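The values are calculated or read from the model by the stated rules, or taken from the named source; none is laboratory data. Keep in mind that this is a model prediction, so the values were computed, not measured. Neighbour counts run over all protein chains shown; Cβ positions are idealised from the backbone, glycine included. With ligands, DNA and RNA removed, areas are computed over all heavy atoms of the protein, side chains included. Shrake-Rupley method; radii C 1.70, N 1.55, O 1.52, S 1.80 Å.
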Amino acid sequence: MSVPRIHVISPRTWGEFGNYLAATRFARVLQEHLDAEVSLWEAESMLPWVGDIGARIRDITLTSSDTGTRTERYLALMSELATAWPRDFEIVPTAGAGREHMLDGMVAHLRENAPDLVVGTKGFISRLCVAAARAAGGRVPPVVHHVTNPGLLDLPLHRTRHPDLTLVGFDWARTRLIEQEGADPRRVRTVGPLVAQHDLQGFLTAPVEPRPDPGPTDTTAGGAVVEWGDPFATRRPKLIIFCNRGGEDYLRIVAHLAERDADVDLVFIGYGDAETTRRAAALARRGNALRWRFHQRLTQPEYFEYISRAAKAPHAFLVSKAGPATTLEAAWFGIPVLMLESGLPMESWVPRLIRDEALGQCHRAVDDLVRGLDTWLDDPSAIAACKARATVYADRALDQAAAGQRIAQAVREILERP
C-alpha cells in the first residue's frame, strides 16, 4: 500500500518570514512522525493573486507612519477581503459571484496531484483549500487548518468551522473558535505551539563591518561567524537586534547604544534590508566596533551560533517586534525579549503573553523601549530574572516533542478515517 501524500499549503508573502517558517516546521513534524510523503507548497504558486495581497500587507507594514495607522490600514484590507470572500463561501456555491476562476490554480493542483490530505496554514488559505477540494471533484481530500497565529482568529477572514480538523496552540484559541465561529469541538484540538526556530538556511551571510568614521564606501566581510567572545568569561550583556519590519526604530536603538557607549556585545540582523544594515553599522563608535556585528542575512548555523551563545550568557536579550514566532522562539531558547508592538491586530495578544509570563518587556513607542533598555543595562540582574522566568515558561508550555506527537496523532486519525 502506498504511503499517504500530504500537501502543506502556505503563503510565503503574508506575515514577513514567520508564517512560512511555521509551515516549514509543521511539515517537518509530519515528516518525522508519520509514514507519509509530505511536501510544502507556496500558495502563490497556485494562486498568484495571493501574492498581490501579500504585497499590499507588506506595504502597510513598512510604510505606515505609526502603529495606529498600521492597524487602521490593515483592518481596512481585511474588511475588504472579508466582504469579497464572506462567511461560508467555501461551502456555498459562488455561481454568479465572479470569483470561481480565482480558485482555478488550486483546483488544478488538487486534480493533478490528488493528495490524501491538505493542510492550510492561515485561515483564509484553509478556506480556499476547502473550496478548491470541493470544486476539484472526485474523492475530496480532508483539509486540516493549522493555526500558526491564534490572533488571526479575531479576523472574520481567517475564521472557519469547515475544515475536517483545526489545530491550535492554546486552549483559549480553541475556545474562541468554538464560541465565535460555532466550530464543532470534536474538530478543534489544542496541540501546543510549535517553535519555528528560525530556519534561515539558504540565505547568504552578509556581515557589515562597523564604520566609526563614515566614508564614501562600505566594507563587507564574508564567510564564517565572527567571534563574539566567551559568554562565560564576561558578564557583559549580549544583545541580538532582529530587524525584519521597518528600520528607523531599530536605528534609533543602535544610535542610543552608541551615544551611551554601552559596554555590550551586539549583533544586528537587518533581515533582507541592506540599507538599514549599512546605516546601523555606520552608527558604531570605534570603542565598540570590534564587539558589534551587523548582518543583512545569516545562514542557519550562523544564526544558531549567535543564539546558542546568547542563551548561555546570564545577561542576554533579544530586541525585535512583538511577533508570535519570534517571542515564542526566544522563550524556547531561554532569552528575554525587549520588544516593540507591531501595530498589527493579529499580534495584539503577544504583548499580553510577554507581560503575563514575565518574558521581558514590550513597548508601544521606541522611546519607551529605549528607557526600558537603559533600566536593564543599569541593572543586569533584571535580565537574569527574566531569563529564569522564560525558562520556566518554556519547560511548561513549549515542549516540542509533546506538541509534535499530539499533531501527528491528530493527523493520523484523519488519515485512517474511513
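A compact table of results
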| item | result |
| --- | --- |
| Cβ-Cβ under 6 Å pairs, at least 6 apart or on other chains, the range 395-408 side in contact (Cβ under 8 Å) with a residue 40 or more places away in the chain, far side in a helix (DSSP H, G or I) | Leu398/Trp332; Gly404/Val29; Gly404/His33; Ile407/Val29; Ala408/His33 |
| The range 1-25: number of residues that are within 24 Å of Arg111 (Cβ to Cβ) and open to solvent by less than 30 Å² (accessible area, probe 1.4 Å) | 7 |
| Residue in the range 372-390 that is under 21 Å from the mean Cα position of the chain (by Cα) and of a type in the set (Gly, Ala, Ser) present | yes |
| Leading residue by the ranking (modelled with the highest pLDDT) among those in the range 199-214 that are surrounded by fewer than 22 Cβ atoms within 10 Å (Cβ to Cβ) and under 24 Å from the mean Cα position of the chain (by Cα) | Asp199 |
| From the options Ala258, Ala224, Ala262, Ala310, residue that is at pLDDT below 85, in contact with a helix residue (DSSP H, G or I) (Cβ under 9 Å, 6 or more places away or on another chain) and either open to solvent by 10 Å² or more (accessible area, probe 1.4 Å) or more than 26 Å from Arg58 (Cα to Cα) (or both) | Ala224 |
| All positions within the range 140-165 that are in a loop (DSSP other than H, G, I, E, B) and of a type outside the set (Asp, Glu) | Val140, Pro141, Pro142, Val147, Thr148, Asn149, Leu155, Arg159, Thr160, Arg161, His162, Pro163 |
| Test: residue in the range 390-411 that is hydrophobic (A, V, I, L, M, F, W, C), part of a loop (DSSP other than H, G, I, E, B) and modelled with pLDDT under 95 | yes |
| Some residue of the range 84-100 being touching a residue at least 24 places away in the same chain (Cβ under 8 Å), within 29 Å of Glu329 (Cβ to Cβ) and either assigned to a helix (DSSP H, G or I) or open to solvent by 80 Å² or more (accessible area, probe 1.4 Å) (or both) | no |
| Lone qualifier among Ser65, Ser39, Ser45 - being assigned to a loop (DSSP other than H, G, I, E, B), over 17 Å from Gly151 (Cβ atoms), out of contact with any Pro (no Cβ under 8 Å at 6 or more places or on another chain) and not charged (D, E, K, R) | Ser65 |
| Hits in the range 351-381 (condition: part of a helix (DSSP H, G or I) and open to solvent by 30 Å² or more (accessible area, probe 1.4 Å)) | Arg352, Arg355, Asp356, Asp367, Asp368, Arg371, Asp374, Thr375, Asp378, Ser381 |
| Odd one out for Ala76 among (1) surrounded by fewer than 20 Cβ atoms within 10 Å (Cβ to Cβ); (2) farther than 24 Å from Asp273 by Cα; (3) touching a residue at least 60 places away in the same chain (Cβ under 8 Å) | (3) |
| Test: residue in the range 118-136 that is among the basic types (Lys, Arg), at pLDDT 90 or above, touching a His at 6+ places or on another chain (Cβ under 9 Å) and in a loop (DSSP other than H, G, I, E, B) | yes |
